[in-house]
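Below you'll find the structure, written out as structure tokens, and then a few comments.
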Ligand code: NAD
Ligand code: UGA
């Protein structure tokens, strides 16, 4: 089957960049990204390319090249479904906040709504691709809805999970480690897989395109995220032991990372991992394991989350303890609010939880992040429902300049590893602060000895 029209439901962090790259690399395919969120679609269509809703290095150029040529953003979901041969589902799959599986299971209501809408609208055969991260065996549910509520047309369901990381999304999409496609073993299933392979073959070498059955593909995505997060919790666990023993976690990470069986990536000790996916996907994995009665499997993976929560709490506790057991009315400056550098995404950022703890201790939090607005910071804190919105607003000060954010402050906490933090005039910052001037480097990015030479009391993670 020659693919000429693709639709993607969900214009978020995955749908937007993924489809922009497909459109850039496949100029003969018309790619339409649809979303219910009118504001988001309007931002994707904004004439000023700086206003697209997601900040990712290089994304503006890709969108500028393809938008209006063969890349379109629209709220007309039905039209896009009707016209497309391949429909990607790239909607959010957050942790359930109600009912059975609350706080653990993935909430599949948006997925089901998509499936029902596709079934209702489709008048010819479609390939439906799961791009969202889903519990293993979700394709079965999607298939059941499509086959039972559709207009008698044939649907093939493929699983094609996305492995991009935010901040490097465009590079990851252009040069993926692998493209994973899971499909039915039937001849029709294999034909659908082939159609999707042909799309990716426009820029991805054949040896990087891996095909499996649907269940392996769905489970591989959850497994990949669990393994990645587990490495961070493992090194963070060691960071606490380093602090007690005089070992340095950066040295330990380097020493073990040189073992080619372990590898050097994803061994940076930190204030804790954030982001919309690691916690959600592991909780989901734990829930699935429990639902099969595999309690030891569930406990094993849950420990990754427990360790991560501990690491965030330990960071805020240490600030309070070091500042003579009180931060009440003290100004504590947060450098960074995003969950990692080079993104404006703050979902599950460690900064939110550290700030929440410190505001409980009556601290005033001064925030500077190059890409995150005050509105977002306050929305993140309000979402926790720890206190009223007006109390949050009273306790959070926002700055668009790091030097003002640090002025008169008692301590600086580095929550995100933005490169620009390293380049600051730290002498100037020191001169403007209360003394003793503390720096808590939750990312181990600053030069500790150099800061100590200026006069700072410097504490990194794990040393
Ligand atoms: P997101 O919240 O940024 O985007 C999802 C979009 O889907 C929203 O704009 C929402 O309005 C839209 N939507 C929801 N229901 C809809 C419907 N019925 N019709 C039309 N639009 C609808 O989420 P995201 O970060 O892009 O994540 C999407 C999925 O991809 C999740 O399953 C996530 O686990 C997975 N994933 C995310 C990343 C990442 O880096 N963010 C990476 C890999 C995989
Ligand atoms: C992660 C995975 O890396 C992607 O492969 C996956 O597609 C994605 O989740 C997803 O499914 O959503 P992402 O969360 O965007 O990507 O970013 P990561 O680079 O994985 O970082 C996650 C968190 O871990 C960040 O808070 C980061 O600062 C932290 N981290 C990362 C560490 O603390 N130490 C490290 O060594 C690496």
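Sorted ascending by nearby beta carbons within 10 Å, beginning with the fewest, 31, 320 become 320, 31. The C-alpha atoms of the chain define a longest principal axis, and helix 109-121 lies at about 20 degrees to it. Ranked by how many other Cβ atoms sit within 10 Å of their own Cβ, fewest first, the residues 262, 127 fall in the order 262, 127. May I ask for the angle, rounded to the nearest 10°, between helix 15-25 and the longest principal axis of the chain, with both axes built from Cα atoms and the value confined to 0 to 90°? Helix 15-25 sits at roughly 60 degrees to that axis. Centre-to-centre, using Cα atoms only, the range 35-112 and the range 1-19 are separated by 9 Å.
Compared with the rule-of-thumb size 2.2 N^0.38 Å for a compact globular protein, the range 283-378 has a Cα radius of gyration ratio of 1.34. Cα axis of helix 214-245 to longest principal axis of the chain: angle in degrees, 0 to 90, nearest 10? Helix 214-245 sits roughly 10 degrees off the main axis of the chain. Only DSSP H runs of four or more residues enter the estimate; each adds -39500 (n - 2.57), and after division by the residues of the chain the mean residue ellipticity at 222 nm equals -14000 deg cm²/dmol.
Cβ-Cβ distance of residue 109 and residue 317, R₀ of 25 Å, FRET efficiency by 1/(1 + (r/R0)^6): the value works out to about 0.10. Three semi-axes describe the equivalent ellipsoid of the range 19-144; taken as square roots of 5 times the Cα gyration tensor eigenvalues and ordered largest first, they are 27, 19, 13 Å. Ellipsoid fit via the Cα gyration tensor, the range 6-64: semi-axes of 16, 14, 10 Å, each the root of five times an eigenvalue, largest first. When only Cα pairs below 8 angstrom with a gap of at least 6 residues are kept, the range 1-124 shows a relative contact order of 31 percent.
Every Cα-Cα pair in the range 180-319 was counted, and those over 25 Å apart are 46% of them. Approximating the spin labels as points 7 Å out from Cα along Cα→Cβ, the residue 294-to-residue 373 distance works out to 4.3 nm.
Over the range 241-375, what relative contact order in percent results from Cα pairs under 8 Å that are six or more residues apart? Display every interim value, and only then the final one.
On the way: 151 pairs, mean separation 30.1, N = 135.
That works out to 22 percent.
Which percent, nearest 5, of DSSP beta bridges in the chain are antiparallel? Write down the numbers at each step before the final one.
Values: 2 of 48 bridges.
Antiparallel: roughly 5 percent of the beta bridges in the chain.
The alpha-carbon atoms of the chain, seen along their principal axes, cover 73, 52, 43 angstrom, with the largest extent given first.
Readers should treat all values here as calculations from the given coordinates under stated rules, not as data from a laboratory. Predicted model, so just to flag it, every value in this text is computed and none were measured. Cβ atoms come from the backbone with ideal geometry, glycine included; neighbour counts cover every protein chain shown.
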